[in-house]
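Written below as structure tokens is the structure these notes are about.
The values are calculated or read from the model by the stated rules, or taken from the named source; none is laboratory data. No experiment lies behind these values; they were computed from the predicted model shown. So basically every Cβ, Gly included, is an ideal-geometry build from the backbone, and we count neighbours across all protein chains shown.
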Amino acid sequence: MSQDTKEEDKRSIKITDIPEIGILACFSGASNSGLLTGLAALNVLKEMGEDVVGICSLPSLSNQVERQIAITKRLKRLLVIDGCRNSCSKKIADKLGLEYDDYINLETSLGIKKVGPFTTLMYSEGELDTTIKAITQKIEALRKSIVEG
């Protein structure tokens with residue numbers, strides 16, 4: 001199979017090929033805490049695998065793309081993650097009527113301070129590790145709730 005065919009196969013995911021748990025993360029590259037949500041989510045995705053966890057498209061959801069809303073609603077569990085007190089991800093989920101099973105706010109839940117706009121790279125490895133651990137713990141608890149029914 002050629003590389004082009006493999007890439008094409010990856011892009012033709014059916015709506016039935018969704019993970020058990022979705023992550024709806026801020027992922028804003030405008031601030032340290034927003035970027036941490038995305039970096040940590042990617043690390044968890046790599047560690048746990050795409051069949052277990054997937055990252056939802058916040059821009060698509062905020063623009064009310066119906067296919068993305070439908071996919072997100074079909075997830076068994078949803079974890080919403082915000083980088084700061086603005087809680088943009090949570091507000092978008094609430095506005096769309098998306099039911100989420102757990103929530104992390106880096107500022108209020110983990111004590112990671114948002115430095116401000118244009119502070120993308122102003123985070124420490126310790127903050128990244130803390131965020132990864134918090135997300136991993138939440139995902140593991142959500143997986144357990146799926147098994148227990």
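Side notes on the structure shown:
- Unmet criterion (only one of (1) surrounded by fewer than 17 Cβ atoms within 10 Å (Cβ to Cβ); (2) outside any helix (DSSP H, G or I); (3) touching a residue at least 40 places away in the same chain (Cβ under 8 Å)) for Cys84: (1)
- Cross-chain or 6+ apart pairs with Cβ under 6 Å, region 39-66 first and surrounded by 15 or more Cβ atoms within 10 Å (Cβ to Cβ), then part of a loop (DSSP other than H, G, I, E, B): Val52/Pro19; Val52/Glu20; Val53/Pro19; Gly54/Pro19
- The residue that is surrounded by the most Cβ atoms within 10 Å (Cβ to Cβ), among those in region 128-138 that are of a type in the set (Val, Ile, Thr) and touching an Asp or Glu at 6+ places or on another chain (Cβ under 9 Å), is Ile132.
- Of the criteria (1) loosely packed, with under 15 Cβ neighbours inside 10 Å; (2) closer than 26 Å to Lys144 by Cβ, which one Glu125 fails: (2)
- Complete set of residues in region 83-126 that are at pLDDT below 95 and of a type outside the set (Gly, Ala, Ser): Pro117
- Among the residues of region 20-46, the one identified as under 18 Å from Ile146 (Cβ atoms) and either over 12 Å from the mean Cα position of the chain (by Cα) or at pLDDT below 95 (or both) is Glu20.
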